[in-house]
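Undergrad: Handing you this structure, nothing more for now.
Coordinate-derived values only; no laboratory data. Just so it is clear, the model here is predicted, and its values are computed rather than measured. A quick note on method: Cβ atoms are made from the backbone with ideal geometry, for glycine too, and the neighbour counts reach across all protein chains shown.
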Protein chains: 2
Amino acid sequence: MKKFDLASADARSQKGQFAKRVSILEAAADVFCREGFSGASIDEIAVEAGVSRQTIYNHYREKETLFMAVIQDIMDRVNGVLFSILATFPENADNLEEDLAAFAVRLNKNCNCNQDAKFIQKLISTEGNRYPHLFQFWREQGPGKTDRALAALFARLAHAAPLDIDDFDLAARQFIALIKADLQMGGLFGEAPSEAELQDSARKAVRTFLRAYGRPAVQTLA
Amino acid sequence: MKKFDLASADARSQKGQFAKRVSILEAAADVFCREGFSGASIDEIAVEAGVSRQTIYNHYREKETLFMAVIQDIMDRVNGVLFSILATFPENADNLEEDLAAFAVRLNKNCNCNQDAKFIQKLISTEGNRYPHLFQFWREQGPGKTDRALAALFARLAHAAPLDIDDFDLAARQFIALIKADLQMGGLFGEAPSEAELQDSARKAVRTFLRAYGRPAVQTLA
DNA sequence: GTCAAATTAGACAGCATTGTCTAAATCGTC
DNA sequence: GACGATTTAGACAATGCTGTCTAATTTGAC
């Protein structure tokens, strides 16, 4: 919310049609997310974007086009962030618990407690039935790909770390489930968790994960 | 969807204002869930309930009253089912994995893949911000209470079973997270999982849970 | 069968919204 | 400063929705 306001204030003061497009997309995301597709009015979006209604109709032919554009825009952004974070998955066992917990914090912060991520999650549940093809795509490109990618990363890690995993896909899904366990309740509209809570929650999740999947560490023999 | 249709068909053929109230509540639930609060029209609800629009206004003064009644109705039902299932939590360690998995299946089937449960989850995310007090209530009476109740049940079980749990609340949250791990993606609008999938998923979740929290079973000494 | 209560269909006002149109104002660029 | 493109404010028709009203019909109980 505040993020969008600030951003659109920026855009409002900037020049050029590009800035207006951005401003509209952000305001639209905000309003669609608050009110749902039918509840959102173009006028409201226009006001929040600091733009006239007609401008919106100039850029996006109709309400549905705008909606699609918003979804597409945010999906791209979320996916980009997601895969940049997957790239930081630990590769060795030097500080396994530490590294996995830090990774979990990054994942939660940027892909679960994120404004964009909340938006997608919410819109999936509200308008998912209305636009099956769009969300089919999201399902395959987003969570679907995440699970498989994470499974591969665990497989790689298992070479370097004392992990006893026989089903990497399952382990990946369970890892994700565990690190989200404490965030579920706050859900989509609660207050965002603090940094400390994120750290603590991730640490506990990883600890449980490693108790289930970690082989007893090889004791230093010498 | 089909469930509601059948139910309202029943109600339509029955007599009495009670049957009409039920029929209206069910149709309203269906339409609110499909369309959201603003997207749902009273006319649509009336048609689906097999009832005239005016009758709806007779029973529930306005749209918002009807909405509240629907939520309240479903919340009661969901909570009832939920606590009846919590009552079936295993008490001893005779068949721990088996019993926990069966419990997980019951929980998933009746509290996660349920029509009512989906409804509440969806409405929480769409209208949660609009009616904070209502959903504050849900949050405390629903998931909040579930977590604590389940924590107590694990504490009781730990007396009889070889479980190494130091934070029962955490374990309860993680148990719930794990048994939902495979259902997350299908999410709110995908096809319902088959019985076999439910069994399999629950079994794997419980296995991981017990690998994390189960002490190595005491070998029969004699 | 009678009578009161509940239900129905339909008309209706009031309002919000979408999307179009136009004429004026503003912007970016040269 | 001039000119073409963009933006703006506002009016506008069409539509759909809520909630009220009424008059006719059906239902349930006696």
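Undergrad: Where does the longest stretch of chain B lie that holds no GluC sites (Glu not before Pro) found in a DSSP loop with 13 or fewer other Cβ atoms within 10 Å? Display every interim value, and only then the final one.
TA: Details: sites that count: B:GLU62, B:GLU91, B:GLU191.
Here the longest segment lacking exposed loop sites spans B:92-190.
Undergrad: Excluding B:PHE37 itself, calculate the net charge of residues whose Cβ lies under 9 Å from the Cβ of B:PHE37, where each Lys or Arg counts +1 and each Asp or Glu counts -1.
TA: Details: positive: B:LYS63, B:ARG130; negative: B:GLU35, B:GLU64, B:GLU127.
With Lys, Arg at +1 and Asp, Glu at -1, the neighbours total -1.
Undergrad: Shifting gears a bit: Considering only the label points, 7 Å along Cα→Cβ from Cα, what distances in nm to one decimal separate B:ASN129 from the same position in each other copy, shortest first?
TA: Label point to label point, same position, other copies: 2.2 nm.
Undergrad: With the Cα gyration tensor of the protein assembly as shown giving a ≥ b ≥ c as the square roots of its eigenvalues, does the rule (a/c under 1.5 for rounded; else a/b larger than b/c for prolate; else oblate) give rounded, prolate or oblate? Each step should come with its number before you reach the end.
TA: Details: a/c = 2.38, a/b = 1.25, b/c = 1.91.
Cα axes put the protein assembly as shown in the oblate bin.
Undergrad: Can you tell me the FRET efficiency between B:ASN58 and B:LYS145 if r is taken as the Cβ-Cβ distance and R0 is 22 Å, rounded to the nearest 0.05? Display every interim value, and only then the final one.
TA: Values: r = 35 Å, r/R0 = 1.60.
Computed FRET efficiency for B:ASN58 and B:LYS145 comes out at 0.05.
Undergrad: Taking the Cα centre of the protein assembly as shown as the origin, how large is its charge dipole in debye, to the nearest 20, when only Lys and Arg (+1) and Asp and Glu (-1) carry charge on their Cβ atoms?
TA: On the way: 54 positive and 60 negative charges, 126 e Å.
For this selection, approximately 600 debye.
Undergrad: Please give the charge dipole size of chain B, origin at the Cα centre, charges +1 on K and R Cβ atoms and -1 on D and E Cβ atoms. Round to the nearest 20 debye. Each step should come with its number before you reach the end.
TA: Working: 27 positive and 30 negative charges, 72 e Å.
For chain B, the charge dipole is close to 340 debye.
Undergrad: Next question, about the same structure. Once you place label points 7 Å from the Cα toward the Cβ at A:GLU91 and A:HIS159, how far apart are they in nm?
TA: Calculated label separation equals 1.1 nm.
Undergrad: Just checking the output field for B:28-36: average partner chain Cβ neighbours within 10 Å of each residue's Cβ? Before the final figure, lay out each step's value.
TA: Values: counts 0, 0, 0, 0, 0, 1, 2, 6, 7.
Per residue, the average neighbour count from other chains is 2.
Undergrad: Of A:ALA40, A:HIS59, A:GLY128, which is farthest along the charge dipole of chain A in the positive direction, counting Lys and Arg as +1 and Asp and Glu as -1 at C-beta?
TA: Comparing the listed Cα positions along the dipole, A:HIS59 ranks first.
Undergrad: Does segment A:71-188 come out rounded, prolate or oblate, given a ≥ b ≥ c as the square roots of the eigenvalues of its C-alpha gyration tensor, rounded meaning a/c under 1.5 and, failing that, prolate meaning a/b above b/c? Present the calculation step by step, with values, prior to reporting the outcome.
TA: On the way: a/c = 2.12, a/b = 1.82, b/c = 1.17.
In terms of gyration-tensor shape, prolate.
Undergrad: Report, for A:GLU97, each distance to the same residue's label point in the other copies, shortest first and in nm; define the point 7 Å along Cα→Cβ.
TA: 2.6
Undergrad: So, one more: When a/c is below 1.5 the answer is rounded, else prolate if a/b is larger than b/c, else oblate, so apply that to chain A with a ≥ b ≥ c taken from the square roots of the Cα gyration tensor eigenvalues. Don't jump to the answer; show the numbers that get you there.
TA: Details: a/c = 2.71, a/b = 2.37, b/c = 1.14.
Because a/c hits 1.5 or more and a/b exceeds b/c, chain A counts as prolate.
Undergrad: How shielded is A:169-181 by partner chains, expressed as the average number of their Cβ atoms within 10 Å of its Cβ atoms? It would help to have the intermediate numbers written out before the result.
TA: Values: counts 1, 7, 2, 1, 8, 10, 1, 4, 12, 7, 1, 4, 11.
The mean count of partner-chain Cβ atoms within 10 Å per residue comes to 5.
Undergrad: Once the label point is placed 7 Å from Cα along Cβ, list for B:GLU64 the distances to the corresponding points in the other copies, in nm, shortest first.
TA: Distances to the matching label points in the other copies: 3.1 nm.
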